[in-house]
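Chemist: Let me give you the structure first, and then I'll get to my questions.
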């Protein structure tokens with residue numbers, strides 16, 4: 001429940017935004033595109049690869065959203081307009097029962113063949129395509145839940161099916177429509193799908209895509225020039241210590257080669273992490289390109305080797321065609337295979353920017 005603070009008391013905010021179940025579904029996947037098929041991490045508390053919505057199974061029934069987590073587990077996401085009651089979990093289990101019959105390549109080939117490379121790139125380092133759908137999970141979303149459903153969720157987790165419930169609240173303030181998501185129940189199964197992995201700072205250098213981000217959801221050449229001139233890469237997310245943005249930048253090690261990428265533009269250069277120095281800049285700092293706005297406050301030092309103007313970028317359509325490299329699907333994506341040296345040669349053959 002959302003409240004307004006009035007002097008020394010709380011006053012309940014009345015929900016005046018009338019919405020349908022399908023409205024919430026569209027909002028959740030609104031950021032999904034060919035280049036970024038990742039569901040909003042701040043809603044689910046984790047990164048999930050979007051497979052499809054309203055996907056019809058062999059029983060001719062439609063699952064709201066199908067996704068895959070970083071460990072290859074199938075995730076069924078079911079939405080309810082109002083209350084989540086006992087019985088909704090059975091609907092999700094029916095979908096699980098049907099979709100779980102296919103594993104690995106068989107699942108990919110039937111439901112998301114055109115996303116194989118992106119999924120392989122998305123999975124954790126030690127997870128391969130063969131691990132897809134070896135375990136299953138359920139995520140339910142509703143305005144509120146019958147507490148009895150949580151008992152069922154505990155039982156399901158004991159049977160090997162992780163179970164999560166997320167509530168959403170809507171409110172209209174003047175002309176603004178606001179929505180808040182909160183995880184209210186998260187029961188892991190006995191084989192915990194969130195594997196504890198300690199980062200190995202001594203790993204060998206690798207190649208990565210890194211999305212430099214947009215300004216007001218649009219590519220901005222001035223922002224790119226700023227990063228080049230200050231020898232930085234950045235990340236945003238919650239712009240707070242310990243969030244995903246910090247995790248991404250601190251994952252880079254000395255010797256990593258970073259290919260700068262701009263959504264809608266393509267590859268605009270590459271650089272090397274020589275002496276990684278991370279910092280979270282203050283929102284009021286002179287280093288904040290976005291002035292008083294909290295955006296891309298996570299920064300990491302980099303040596304830019306060759307950079308390109310947007311007009312000379314290597315287009316996304318050429319990655320697979322000319323270099324056998326999949327395009328990035330998230331802020332930071334490891335490049336596992338492809339003709340990387342040929343991509344570097346192509347970049348260096350173009351006029352240098354800034």
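Chemist: Ranking 270, 226 by Cβ neighbours within 10 Å, fewest first, what do you get?
Modeler: 226, 270
Chemist: Under a crude label model (7 Å from the Cα following the beta-carbon direction), how far is residue 188 from residue 94 in nanometres?
Modeler: Placing both labels 7 Å along Cα→Cβ, they lie 3.2 nm apart.
Chemist: As a footprinting exposure proxy, order 53, 9 by other Cβ within 10 Å, with the fewest listed first.
Modeler: 9, 53
Chemist: Would you calculate the separation in nanometres between label points at residue 159 and residue 203, each defined as 7 Å from the Cα along the Cα-to-beta-carbon direction?
Modeler: It is 3.6 nm.
Chemist: Between residue 275 and residue 129, how high is the FRET efficiency from 1/(1 + (r/R0)^6) when r is the Cβ-Cβ distance and R₀ = 45 Å? Nearest 0.05.
Modeler: The calculated FRET efficiency here is 0.80.
Chemist: Beta carbons within 10 angstrom, averaged per residue: use that to sort the peptides 238-250, 127-139, highest first.
Modeler: The most tightly packed comes first, giving 127-139, 238-250.
Chemist: Binning at 5 angstrom from zero up to the longest distance, how are the C-alpha pair distances of the range 239-278 distributed in percent?
Modeler: 6, 21, 21, 22, 23, 8, 0
Chemist: Given N residues in the range 207-348, what is its alpha carbon radius of gyration divided by 2.2 N^0.38 Å?
Modeler: Cα Rg divided by the expected 2.2 N^0.38 Å: 0.99.
Chemist: Next up: How do 298, 352 line up, fewest other C-beta atoms within 10 Å first?
Modeler: Ranking 298, 352 by Cβ neighbours within 10 Å, fewest first, gives 352, 298.
Coordinate-derived values only; no laboratory data. On a predicted model such as this, the values are computed, not experimentally measured, just so you know. Quick reminder, even Gly has a Cβ in these numbers, built from the backbone with ideal geometry, and neighbours come from all protein chains shown.
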